[in-house]
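Some notes on the structure that comes next.
The values are calculated or read from the model by the stated rules, or taken from the named source; none is laboratory data. In this text, all values refer to a predicted model and were calculated from it rather than measured experimentally. As a convention, Cβ positions derive from the backbone with ideal geometry for all residues, glycine included, and neighbour counts pool all protein chains shown. Accessible surface areas use protein heavy atoms only, side chains included; no ligands, DNA or RNA. Shrake-Rupley method; radii C 1.70, N 1.55, O 1.52, S 1.80 Å.
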Amino acid sequence: MREPYRVEVNERDRLHADLVMQLVAVRLGVPTETIRRISRLPVPALRARRVAMYLAHVALGWQLERVGHAFGVNRQTAANAAIRIEDAREHEALNQLLEELEDAIHAVVDAPPPDLSGLGEVA
């Protein structure tokens, strides 16, 4: 039996990949668990995973090998996803969606950590 491709991923990369998947899942209406599945995916989930991998590459600036590691696929699978999504950007609806999701990713990832020290034991 073939073992799934898995490489140890650091916690920061895992958190960022999870953020991207969650945003894509919510926006495209595909459960995150389905996007993460190792087995063959239905077309909507496959499309969502490709979008998420593409966004990790573009919005986070990750090399495709790093994207593959974080998503549990090999580099070539991540590259194929990036090529397919990049080629489809000519469609205005997809291009708009990608820009919207990129902005959301940057809003969360690039923001400085908040100072919650004044909240005491409440938070």
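Some values worked out for this structure:
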item	result
Residue-normalised accessible area of the chain, given per residue in Å² at a 1.4 Å probe	65 Å²
Length-normalised contact order for the chain - Cα pairs under 8 Å, 6+ apart - percent	25 percent
Cα coordinate range in the chain, projected on the principal axes (Å, largest first)	51, 41, 26
Estimated 222 nm signal from helices in the chain, with DSSP H stretches of n ≥ 4 weighted -39500 (n - 2.57), rounded to 500	-20500 deg cm²/dmol
Dipole of the stretch 65-123 [Lys/Arg +1, Asp/Glu -1 at C-beta], most positive-end residue of ALA111, LEU97, PHE71	PHE71
Relative contact order [Cα under 8 Å, 6+ residues apart], the stretch 25-95, whole percent	24 percent
Nearest-20 debye value, the stretch 47-101 charge dipole, Cβ charges on Lys, Arg, Asp, Glu	320 debye
Point-charge dipole on Cβ atoms (K/R +1, D/E -1) for the chain, about Cα centre, debye to 20	800 debye
Förster-model FRET efficiency, 25 Å R0, ARG75 and GLN96, C-beta, rounded to 0.05	0.30
Surface share of carbon and sulfur [accessible, 1.4 angstrom probe, percent] for the chain	52 percent
